[in-house]
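Enquirer: Below are the structure tokens for one structure; questions will follow.
The values are calculated or read from the model by the stated rules, or taken from the named source; none is laboratory data. As the structure is a computational prediction, the values presented were derived from the model and not from experiment. Virtual Cβ from ideal backbone geometry, glycine too; neighbours counted across all protein chains shown.
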Amino acid sequence: MKVIKDGKRGPGWVRKYICNGRHNSGKGCGATLLVTKEDLRYFPGVYSESWGAKDPAVCFKCIACSSITDIPKDEWPNDYQSLEPFTHEWYKSSQ
């Protein structure tokens, strides 16, 4: 099968987002970014009955300020669990 003309979502998973730092307490820079599936990371969450629990997230790192922004759950790719994992090394890297 071959795509003759891209549909309304374009080729693959591509979206525009504003860096809002929603993953790190809302300290984003406000840059408008074209985010592809390759830019996303999956955080499976931390389940705890006490303090420290965190919900699962799919997020990206801003190339302008390195802030992490979560995307809304209804916009996650269908195969979000196969995304690259959110790791400490990725989180701490400058890009």
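Enquirer: How many residues does the range 45-80 contain that are more than 17 Å from S93 (Cβ to Cβ), of a type outside the set (D, E, K, R) and out of contact with any strand residue (DSSP E or B) (no Cβ under 8 Å at 6 or more places or on another chain)? Walk me through it before giving the result.
Expert: Within the range 45-80, the first condition is being more than 17 Å from S93 (Cβ to Cβ), and the residues that meet it are 45-58, 70-80.
From the residues that got through so far, the ones that are of a type outside the set (D, E, K, R) too are 45-48, 50-53, 56-58, 71-72, 76-78, 80.
This time we only want the ones that are out of contact with any strand residue (DSSP E or B) (no Cβ under 8 Å at 6 or more places or on another chain), so: 47-48, 50-51, 72, 78.
Matching residues across the range 45-80 total 6.
Enquirer: What number goes with the only condition from (1) part of a helix (DSSP H, G or I); (2) modelled with pLDDT under 85 that Q95 does not pass?
Expert: Status for Q95: all satisfied but (1).
Enquirer: Out of everything in the range 42-95 that is among the aromatic types (F, W, Y) and in contact (Cβ under 8 Å) with a residue 12 or more places away in the chain, what residue ends up being surrounded by the most Cβ atoms within 10 Å (Cβ to Cβ)?
Expert: Taking the range 42-95 as the starting set, the residues that turn out to be among the aromatic types (F, W, Y) are 42-43, 47, 51, 60, 76, 80, 86, 90-91.
Of the ones still in play, those that are also in contact (Cβ under 8 Å) with a residue 12 or more places away in the chain are 42-43, 60, 76, 80, 86, 90-91.
Working: Y42: 19, F43: 19, F60: 22, W76: 18, Y80: 18, F86: 19, W90: 13, Y91: 15.
Among those residues, the one meeting the criterion is F60.
Enquirer: Restricting to the range 67-87, give me the number of residues that are more than 18 Å from R15 (Cα to Cα) and either at pLDDT below 90 or outside any helix (DSSP H, G or I) (or both). Spell out how you get there, then give the answer.
Expert: Applying the first criterion (more than 18 Å from R15 (Cα to Cα)) to the range 67-87 yields 81-82, 85-87.
If we keep only those that are either at pLDDT below 90 or outside any helix (DSSP H, G or I) (or both) as well, we get 85-87.
Result for the range 67-87: 3.
Enquirer: Go through the range 33-56 and give me each residue that's of a type outside the set (S, T, Y), closer than 18 Å to P72 by Cβ, at pLDDT 85 or above and not in a loop (DSSP other than H, G, I, E, B).
Expert: Of everything in the range 33-56, those that are of a type outside the set (S, T, Y), closer than 18 Å to P72 by Cβ, at pLDDT 85 or above and not in a loop (DSSP other than H, G, I, E, B) turn out to be L33, L34, V35, K37, D39, R41, F43.
Enquirer: Out of curiosity, is G30 under 24 Å from N78 (Cβ atoms), in a loop (DSSP other than H, G, I, E, B), without any contact (Cβ under 8 Å) to a residue 40 or more places away in the chain and not aromatic (F, W, Y)? Before you say what the answer is, go through the steps one by one.
Expert: Numbers: under 24 Å from N78 (Cβ atoms): no; in a loop (DSSP other than H, G, I, E, B): yes; without any contact (Cβ under 8 Å) to a residue 40 or more places away in the chain: yes; not aromatic (F, W, Y): yes.
No, not satisfied.
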